[in-house]
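Here is the structure we will look at, set down as structure tokens.
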Amino acid sequence: MLALAEGIDQLNRVVARWVRWLALLLVLVQFCIVIGRYVFGVNSIAAQESVLYMHATVFMLGAGYTLLVDKHVRVDVFFASLSRAAQRRVDIFGHLALLMPSMGAFLYWSWPSVRNSWKILEGPISVGGIEAVFLLKSLIPAFCILILLQSLSLLIHLLLERPEQ
């Protein structure tokens, strides 16, 4: 089980290594768009949409890594004051009763839209934009799968963790 969890962790680390370069590219493209528009009076709908695509990709594919390194949003009103054993129980409950079911539902309910988008090779959001909305929509199941896998990994680590003595 631990080997499975480590493999999932490694998958999200590899995805994060690729996504971080995309974040840099996103900033550079956005900078070029601003310079092009305000200095040279040149505008490109496709370039603007590429920023949207990159932004979505960074956040959707980077979410699993964010969960792995515990940098996700956590409502920490009472959690920080709990003992480690109580925190562990809260985390196990959160993964089993909240995160995994919600990601499963999100995957289930979004899949028809993604499938239909691929079926018609859904075109651009705007006239002159990138003709690949089907790729953008494919980020939804990828996000769900990466989060579900990382949640499983964290659950395995939590269940194998030795309680405090």
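Values computed for the structure shown
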quantity: Failed criterion for Gly129 (all others in (1) free of Cβ contacts under 8 Å to residues at least 60 places away in the same chain; (2) over 20 Å from the mean Cα position of the chain (by Cα) hold); calculated: (1)
quantity: Counted residues, the stretch 125-165 - those being open to solvent by less than 60 Å² (accessible area, probe 1.4 Å) and in contact with a Gly (Cβ under 6 Å, 6 or more places away or on another chain); calculated: 3
quantity: Residue that is farthest from Leu148 (Cα to Cα), among those in the stretch 96-112 that are surrounded by 13 or more Cβ atoms within 10 Å (Cβ to Cβ) and among the aromatic types (Phe, Trp, Tyr); calculated: Trp111
quantity: Subset of the stretch 72-95 [open to solvent by 50 Å² or more (accessible area, probe 1.4 Å) and closer than 14 Å to Ile147 by Cβ]; calculated: His72, Val73
quantity: Unmet criterion (only one of (1) closer than 30 Å to Leu149 by Cβ; (2) modelled with pLDDT of 95 or more) for Leu2; calculated: (2)
quantity: Test: residue in the stretch 32-46 that is surrounded by 12 or more Cβ atoms within 10 Å (Cβ to Cβ), modelled with pLDDT of 95 or more and within 30 Å of Glu6 (Cβ to Cβ); calculated: no
quantity: Whichever residue in the stretch 8-53 is under 17 Å from Ser126 (Cβ atoms) and among the β-branched types (Val, Ile, Thr) and, among such residues, is farthest from the chain's Cα centre (by Cα); calculated: Val42
quantity: Residue pairs meeting the criteria (Cβ under 7 Å; at least 6 apart or on separate chains; first among the hydroxyl-bearing types (Ser, Thr, Tyr), in the stretch 132-147; second surrounded by 17 or more Cβ atoms within 10 Å (Cβ to Cβ) and modelled with pLDDT of 95 or more); calculated: Ser138/Val114
quantity: Any chance Ala5 is open to solvent by less than 30 Å² (accessible area, probe 1.4 Å), farther than 20 Å from Leu135 by Cβ, under 25 Å from the mean Cα position of the chain (by Cα) and hydrophobic (A, V, I, L, M, F, W, C); calculated: yes
quantity: Test: residue in the stretch 38-49 that is touching a Lys or Arg at 6+ places or on another chain (Cβ under 8 Å) and aromatic (Phe, Trp, Tyr); calculated: no
quantity: Failed condition for Glu122, given (1) open to solvent by less than 80 Å² (accessible area, probe 1.4 Å); (2) at pLDDT below 95; (3) of a type in the set (D, E, K, R); calculated: (2)
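The values are calculated or read from the model by the stated rules, or taken from the named source; none is laboratory data. Everything numeric here is computed off the predicted structure, so don't read it as measured data. Cβ sites come from the backbone with ideal geometry, for glycine too, and all protein chains shown count toward neighbours. Calculation scope for accessible area: heavy atoms of the full protein, side chains included, ligands and nucleic acids excluded. Shrake-Rupley method; radii C 1.70, N 1.55, O 1.52, S 1.80 Å.
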